[in-house]
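Structure record follows, encoded as structure tokens.
The values are calculated or read from the model by the stated rules, or taken from the named source; none is laboratory data. As the structure is a computational prediction, the values presented were derived from the model and not from experiment. As a convention, Cβ positions derive from the backbone with ideal geometry for all residues, glycine included, and neighbour counts pool all protein chains shown. Quick note on the areas: whole protein, heavy atoms, side chains included, nothing else; ligands and nucleic acids left out. Shrake-Rupley method; radii C 1.70, N 1.55, O 1.52, S 1.80 Å.
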Amino acid sequence: MDIISVTRQHISESVRVKEALLHDPKAIETISQIALVCTEAYQRGNKVIWAGNGGSAADAQHMAGEMVSKFFFDRPAIPSIALTTDTSIITAIGNDYGYEMVFSRQLQANAVKGDVFIGISTSGNSRNLVTSIDICRQRGVTTVALVGSQPCDMDTWDYVVKIPSRSTPRIQECQTLIGHIICCIVEENLFGKKSNEP
């Protein structure tokens with residue numbers, strides 16, 4: 001194995017997918033709309049809820065942390081939760097109701113009208129995310145799906161951003177980027193730009 005070539009290949013492919021995302025007007029518009037929807041939710045006193053599985057669970061926790069703590073600059077905390085952090089709740093629901101219910105049951109407990117739920121899935125077919133749509137619709141919760149390019153069961157969510165790739169690592173890298181963009185725009189919309197960061 002030529003590890004230098006492998007390294008260059010991965011970086012090049014990551015850049016290529018991000019370039020494709022950059023030049024996708026629909027994706028750019030949707031990401032911008034999502035950031036505004038999240039801003040408006042906070043202005044109403046609502047919150048943003050995140051969820052995903054595996055690496056996407058880590059991304060959910062990461063983004064909730066950026067909102068509660070800070071992104072670019074010091075400012076008041078804003079409410080955001082990841083449904084992936086409490087092992088007692090997750091294992092209780094998984095044991096009592098099945099793994100497909102681990103997010104919808106928590107949404108039933110925590111989501112209120114006006115909240116935003118962001119589901120992160122490389123395939124777009126994670127059953128525990130797909131099944132959560134019913135609770136969100138019942139509660140008046142706006143749904144956001146960050147998924148790969150293939151047709152999927154999350155295509156009917158309110159806002160869908162399709163990463164132009166079917167490669168799990170490339171999709172995840174762009175999902176993190178999109179999460180950061182949302183955090184940046186929300187923070188600046190709510191508190192004004194107080195950073196020299198781009």
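Sorting Tyr159, Tyr97 by accessible area (1.4 Å probe), largest first, what list results? Kindly include the intermediate steps, with their values, before the conclusion.
Values: Tyr159 55, Tyr97 120 Å².
Putting Tyr159, Tyr97 in descending order of accessible area: Tyr97, Tyr159.
Applying the Karplus relation 6.51 cos²θ - 1.76 cosθ + 1.60 with θ = phi - 60° to region 24-32 yields 3J(HN,Hα) values of 9, x, 5, 5, 4, 5, 5, 4, 4 Hz, where x marks Gly and Pro.
In sequence order, region 81-95 has phi-based couplings of 10, 10, 7, 10, 9, 9, 5, 5, 5, 4, 6, 5, 5, x, 6 Hz under the Karplus curve 6.51 cos²θ - 1.76 cosθ + 1.60, θ = phi - 60°, and Gly or Pro positions carry x. Lys26 exposes around 150 Å² of accessible area when a 1.4 Å probe is run over every protein chain in place. Extending 7 Å from the Cα toward the beta-carbon at both Thr156 and Asn95 defines two label points whose distance is 3.4 nm. Shown here are the Rg and Dmax of the Cα trace of the chain, at 16.9, 55 Å.
Taking amide H as placed 1.01 Å from N in the peptide plane, Asp158 has its amide H under 5 Å from the amide H of Thr143, each at least 5 places away in sequence or on another chain. Neighbours of Gly98 by Cβ distance under 13 Å: Lys/Arg scored +1, Asp/Glu scored -1, total 0. Mean residue ellipticity, 222 nm, helices only, the chain: the sum of -39500 (n - 2.57) across DSSP H runs of n ≥ 4, divided by residue count and rounded to 500, is -17000 deg cm²/dmol. Taking the 1.4 Å solvent-accessible surface of region 37-152 as the whole, the part contributed by carbon and sulfur is 50%.
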